[in-house]
Amino acid sequence: MCILVVEDEAKLARFIQRGLETEGYRVELAPDGLIGEKRARSEEFDLILLDILLPKKDGFEVLKSIRKAGVRTPVLMLTARGETQDVVFGLDSGADDYLTKPFVFEELLARIRSLLRRGRQNQTVLKVGNLRLDTVKHKATRNGTIIDLTAREYAMLECLMRNHPKLVTRQQLSKEIWGFDFDPGTNIVDVYVNHLRKKIDHGFEKKLLHTQRGQGYYISDDEAKPRKSK
Ligand code: CA
């Protein structure tokens, strides 16, 4: 998960960066509107934190031009206290949410989590590393090569990727894929996961489908432990 933080107050930007990195997000900083816009248009982020008062180009202008350029990344705007007009204007310009400065870090985290969740539910193409899942065409590729999946393997992969990088328990998977509201008590989930793992990881040095012993599975392109659902 990579977040672009467009914020000119260096101290605040670093504070946000440190906090988000502690939570397992990758963070890129942009100190003014022009750099922010350039990065937002040329790189892929999962979310953009956008300040309004910025040197060179203000947050509203940045937002308008990236939306016009087809960038659909969720945007959380940072506004100064009491500027409700800003909020209305920001949401009209294509922001997904806003947060008033100064804010409590936990509040920022909660907003980010909710936007990422919402963003993922609407996303039609899911990506983890070089693994790509097109949920409209029901097509999975890794490094550009099509992976042939059965319907259940596909459903399993979609479930894991929508929850990425969080852990999905065996119970969640059996409910999601087979509709069992209980632990079926068989190793059916593990069997399917193993099939899926062969298809997506075989022949690649970097493994994406990981097992958390006794708990479940998660998809991730780094070795870090999965983040627990909150
Ligand atoms: Ca500012």
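The values are calculated or read from the model by the stated rules, or taken from the named source; none is laboratory data. Predicted model, so just to flag it, every value in this text is computed and none were measured. Here the Cβ is made from the backbone with ideal geometry for all residues, glycine too, and neighbour counts use every protein chain on show. These area figures cover heavy atoms from the full protein model, side chains too; ligands, DNA and RNA do not enter into them. Shrake-Rupley method; radii C 1.70, N 1.55, O 1.52, S 1.80 Å.
Calculated on the Cα set of the stretch 125-219, radius of gyration then Dmax: 12.6, 37 Å. Work out the charge dipole of the stretch 44-178 with +1 on the Cβ of Lys and Arg and -1 on the Cβ of Asp and Glu about the Cα centre, then indicate which of 108, 85, 69 is farthest towards its positive end. Value: 69.
For residue 100, nonlocal amide neighbours, meaning residues 5 or more places apart or on other chains whose placed amide H falls under 5 Å from its own, are 79. Multiplying the residue separation of residue 178 and residue 110 by 0.36 nm and removing their Cα-Cα distance gives an extension gain of 21.4 nm. For the residue pairs 38/175; 68/139; 68/198; 64/175; 137/166, alpha carbon separations beyond 31 Å are given by 38/175; 68/198; 64/175. Loop-located GluC sites (Glu not before Pro) in the stretch 35-92 (DSSP state other than H, G, I, E, B) with a sparse environment of at most 14 neighbouring Cβ atoms within 10 Å: 43, 44. What distance in nm separates the two pseudo spin-label positions at residue 171 and residue 89, each 7 Å out from Cα along the beta-carbon direction? Modelled inter-label distance: 5.0 nm. Stokes-Einstein diffusion for the chain at 10 °C, viscosity 1.306 mPa s, with a Kirkwood radius from C-alpha pairs, works out to 83 µm²/s. For the chain, the per residue solvent-accessible surface stands at 54 Å², with DNA, RNA and ligands left out and a 1.4 Å probe.
Beyond 19 Å, what share of the Cα-Cα pairs of the stretch 2-122 remains, rounded to the nearest whole percent? Tail fraction, whole percent: 39.
Accessible surface of the chain, 1.4 Å probe: 49 percent of it comes from carbon and sulfur atoms.
Beta bridges assigned by DSSP with both partners in the stretch 22-159 are antiparallel in approximately 55 percent of cases. If the segment from residue 14 to residue 213 were pulled out straight at 0.36 nm per residue, it would be longer than the present Cα-Cα gap by 68.1 nm.
By a 1.4 Å probe calculation restricted to protein chains, residue 1 has an accessible surface near 40 Å², given to the nearest 10. Amide H contacts for residue 168 (H built 1.01 Å from N in the peptide plane; partners 5 or more residues away or on another chain; cut-off under 5 Å): 217, 218.
Charge tally for residue 144 (other residues, Cβ to Cβ under 14 Å; Lys, Arg +1; Asp, Glu -1): +3. Full extension of the segment from residue 146 to residue 206, taken as 0.36 nm per residue of separation minus the current Cα-Cα distance, would add 19.9 nm.
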